[in-house]
Amino acid sequence: MVWFKRAKPSIRTSDRRDIPEGLWRKCDSCGAALHKKQVEDHLHTCCECGHHFRISPGRYFSLLFDENTYEEFCTTLRAADPLVFSDTKKYPDRVEAVIEKSGKTEACRNASGLIGGRQAVISAMDFGFIGGSMGSVVGEKIARAIDTSIERNAPLIIISQSGGARMMEGAFSLMQMAKTSARLSRLAEKKIPYISLMTDPTMGGTSASYAMLGDVNISEPKALIGFAGPRVIKDTIKRELPEGFQRAEFLLEHGFLDMIVHRRDLKGRISQLLGHLAEADQPSAEAVTGN
């Protein structure tokens, strides 16, 4: 007797209309077809290869803050147009179009709440708003998050997800590198912990300033981190780049990162780090007693 393997039923073209849109998602890394619920259950990572999809600040807030409870602040800041910039459209029109389409108001959101029972402040960038570009509002929001951290004596976490400085604001956007770095020095003077979490991508002026200035620098797996992109560097130096160049694993191997953490472990690891940093900041018994 000859046995034949039964073929899998195919979906007829006429039946495809009955499949809800957005029900499946293709993994950008391995190409696996993933069900939307499956992706959500795995914290927006691929269950086949571990690829981390980009997520919004709101999802990071929900993931990190205890019981999904937090308070946002600095929600009313909006981008100005200091250079009266225009390319294919005027800068204010571009900003308004993004706000209308995405519902986002800027490429950064600030919130405070408890992480592992400890008060903390998070400033998270959003690639979904003009590529997470760092303009004057992003710099001001990060600066205010640092100020809030100092006022409340609460650890700061900055989650970077950016293509770099916002070209429509020219030198004003580049000034945010110095502004945020200088403000972080105040945090260091107060000995308040700062954890930098880099996600895919963390590029340009973002990586050249606050993203690399953490007391602890951590990253999600395979995040692209650097200043100029690999293609630009390759075209400039006319040489082949090492495999995995500018990926998180390459940076960890060369000492630019302290650790790489899968998204499912982020809250536990950050809670652990906050505990260790808080203990390190406490004076020893000998210092207290003078012995």
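What the table below lists for this structure:
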item	result
Filtered residue count, the range 190-199, keeping only those that are in a strand (DSSP E or B) and farther than 8 Å from I225 by Cβ	5
Subset of the range 7-61 (residues that are at pLDDT 70 or above, out of contact with any helix residue (DSSP H, G or I) (no Cβ under 7 Å at 6 or more places or on another chain), not in a loop (DSSP other than H, G, I, E, B) and not hydrophobic (A, V, I, L, M, F, W, C))	K26, H35, K36, K37, Q38, E40, D41, P57, G58, R59, Y60
Enumeration of residues in the range 95-139 that are in a helix (DSSP H, G or I) and over 17 Å from the mean Cα position of the chain (by Cα)	V95, E96, A97, V98, I99, E100, K101, S102, S136
Boolean, G50 is over 30 Å from S29 (Cβ atoms) and under 20 Å from the mean Cα position of the chain (by Cα)	no
Verdict on M177 being over 24 Å from H52 (Cβ atoms) and touching a Gly at 6+ places or on another chain (Cβ under 8 Å)	yes
Residue match in the range 171-183 (condition: of a type outside the set (S, T, Y), buried (at least 24 other Cβ atoms within 10 Å of the Cβ) and either touching a Leu at 6+ places or on another chain (Cβ under 7 Å) or modelled with pLDDT under 95 (or both))	no
In the range 207-226, the residues that are more than 17 Å from T180 (Cα to Cα) and either in a loop (DSSP other than H, G, I, E, B) or at pLDDT below 95 (or both)	E220, P221, K222, A223, G226
Total residues in the range 59-93, condition surrounded by fewer than 18 Cβ atoms within 10 Å (Cβ to Cβ) and either hydroxyl-bearing (S, T, Y) or within 23 Å of the chain's Cα centre (by Cα) (or both)	16
Residue within the range 146-153 that is in contact (Cβ under 8 Å) with a residue 12 or more places away in the chain and surrounded by 20 or more Cβ atoms within 10 Å (Cβ to Cβ) present	yes
Only listed residue being buried (at least 19 other Cβ atoms within 10 Å of the Cβ) and either free of Cβ contacts under 8 Å to residues at least 60 places away in the same chain or within 17 Å of the chain's Cα centre (by Cα) (or both), chosen from I192, I260	I192
Tabulated pairs, the range 20-45, first in contact (Cβ under 8 Å) with a residue 12 or more places away in the chain, second of a type in the set (S, T, N, Q) and not in a loop (DSSP other than H, G, I, E, B), C-beta under 9 angstrom, 6+ apart or interchain	R25/Q38; V39/T45
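Residue by residue, here is whether (1) in a helix (DSSP H, G or I); (2) surrounded by fewer than 13 Cβ atoms within 10 Å (Cβ to Cβ); (3) touching a Leu at 6+ places or on another chain (Cβ under 9 Å); (4) modelled with pLDDT of 95 or more holds:
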site: R239; (1), (2), (3), (4): no, yes, no, no
site: E243; (1), (2), (3), (4): no, yes, no, no
site: F250; (1), (2), (3), (4): yes, no, no, yes
site: F256; (1), (2), (3), (4): no, no, no, yes
site: R269; (1), (2), (3), (4): yes, no, no, yes
site: L274; (1), (2), (3), (4): yes, no, no, yes
site: L277; (1), (2), (3), (4): yes, no, no, no
site: A280; (1), (2), (3), (4): yes, yes, no, no
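The values are calculated or read from the model by the stated rules, or taken from the named source; none is laboratory data. In this text, all values refer to a predicted model and were calculated from it rather than measured experimentally. For neighbour counting, all protein chains shown are included, and Cβ atoms are generated from backbone atoms with ideal geometry for every residue, glycine included.
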